[in-house]
Amino acid sequence: MKVLNFGSLNIDYVYKVDHILLKGETQASSSRNIFAGGKGLNQSIALGRAGVKTWHAGCIGEDGRFMVELLAEAGVDSSFVKVLTDSPSGHTVIQNDKDGDNCILLYGGANQRITKEQIDETLEGFAAGDYLVLQNEISELPYLIEKAHEKGLRIVLNPAPMNENIQKLKLSYVDLFLLNEVEASQLTGVSYEKEKELFQTDELEKSELIGALRRSFPKAAVVLTLGSAGSVYFDEDQLIRQGIYEVKAVDTTAAGDTFTGYFLAGMTEGLPIKESLDLAAKASSITVTRPGAAPSIPRREEVI
Ligand code: RIB
């Protein structure tokens, strides 16, 4: 069984600010750092650092070669990453405020230059039963999902960032969703706001949001992260709850990606779901204590 992550690679320009900018405001930042990021790359780095043999596919410009080196250091095979000579890599402008929260402005760049040909060539290296991990930062996702389904790959989707493109996908082909409560709400049309108190209890079976996800995707498993209320795994037969590890956050960027990578690591290793959730919660609690996206993701030996 192989794990292929077909996803974005971004250069993150991270500005430390007092607060997230208001409309019309100009604010001086206290520092700027440049990190490797992108939801795709971060999740591959998490998988690789967790010890899973992972293949990453995607597109970068000449300016993104350092990201390929980072993937290699994490043990990720990047032979399916194409370097374009006529496009810059994707990049982001990230504001990181004094509480560790962020907001992200995304420029797709080479991530939006994935072609059907690249997808066909890449999928030739994979077979039924292999995992395909996806996010929503690359072009040609509908085709990719269609072809992967035809080949019998197990499809894992992190529908982030959430936008109208997600609704254009054959979501019934997805075997496992990993998403947060805001994305779940946007996907189902059911508000999470009024369930915030419920999420803190052990009565999640009563959640309308979870009910809506189960009805919308009856054959899929779902991992739903709930911020300070932790996370929950559910499928048609079971619901398993996980708390958080409380830490002082300096930068929450890539916390969700770390959670995704480490949960998948546990699952593909055959750990019980509860242990996989716990591993993911521990790993992401380390990520938020460090600045940046990919560099903040822990190695397996740090996650104890
Ligand atoms: O999930 C965090 C990532 O989102 C950042 O690294 C940024 O590149 C955006 O894709």
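Quick rundown of the values:
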read-out: Cα-based shape type of segment 86-197, given that a ≥ b ≥ c are square roots of the gyration tensor eigenvalues and the cut on a/c is 1.5; value: oblate
read-out: Relative exposure of Val250, Val133, Val68, judged by other C-beta atoms within 10 Å (fewest first); value: Val250, Val68, Val133
read-out: FRET efficiency estimate (nearest 0.05) - Cβ-Cβ, Ala127 to Leu22, R0 41 angstrom; value: 0.20
read-out: Dipole-positive endmost among Phe126, Leu144, Ala160 within segment 124-164 (Cβ charges, Cα centre); value: Phe126
read-out: Relative contact order of segment 23-150, defined on C-alpha pairs under 8 angstrom at six or more residues apart (%); value: 21 percent
read-out: Proximal aspartates and glutamates to Lys147, defined as alpha-carbon separation beneath 14 angstrom and excluding residues fewer than eight positions away on the same chain; value: Glu117, Asp120, Glu121, Glu124, Asp130
read-out: Highest average packing first - 71-77, 199-205, Cβ atoms within 10 Å; value: 71-77, 199-205
read-out: Fraction of the pair-distance distribution of the chain above 33 Å, Cα-Cα pairs, percent; value: 19 percent
read-out: Selected from Ser216, Leu239, Ser191, residue furthest toward positive end of dipole (segment 166-252; charges at beta carbon); value: Ser216
read-out: Unit charges on C-beta of K, R, D, E only; dipole of the chain, Debye; value: 160 debye
read-out: Net charge, Leu84 excluded, C-beta distance under 14 Å - Lys, Arg +1, Asp, Glu -1; value: -1
read-out: Debye, to nearest 20: dipole size of segment 50-94, +1 on Lys, Arg Cβ, -1 on Asp, Glu Cβ; value: 160 debye
read-out: For the chain, calculated [θ]222 nm from helices alone, where every DSSP H run of n ≥ 4 adds -39500 (n - 2.57); value: -9000 deg cm²/dmol
read-out: Euclidean distance of C-alpha centroids, segment 78-100 and segment 7-73, integer Å; value: 5 Å
read-out: Listed residue (Ser89, Ala50, Gly40) projecting farthest to the positive dipole end of segment 36-91, Cβ model; value: Ala50
read-out: Student exercise, segment 164-304 dipole from Lys, Arg, Asp, Glu Cβ charges, in Debye to nearest 20; value: 260 debye
read-out: Additional length obtainable on full extension of the chain from Gln167 to Ala72, 0.36 nm per residue less Cα span; value: 30.8 nm
read-out: Relative contact order computed over segment 50-103 (Cα-Cα under 8 Å; 6+ residues apart), in percent; value: 39 percent
read-out: Antiparallel bridges, percent of DSSP beta bridges restricted to the chain (to nearest 5); value: 40 percent
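Readers should treat all values here as calculations from the given coordinates under stated rules, not as data from a laboratory. The structure presented is a predicted model; accordingly, all values stated were derived computationally and were not measured. We place every Cβ from the backbone using ideal geometry, glycine too, and count neighbours over all the protein chains shown.
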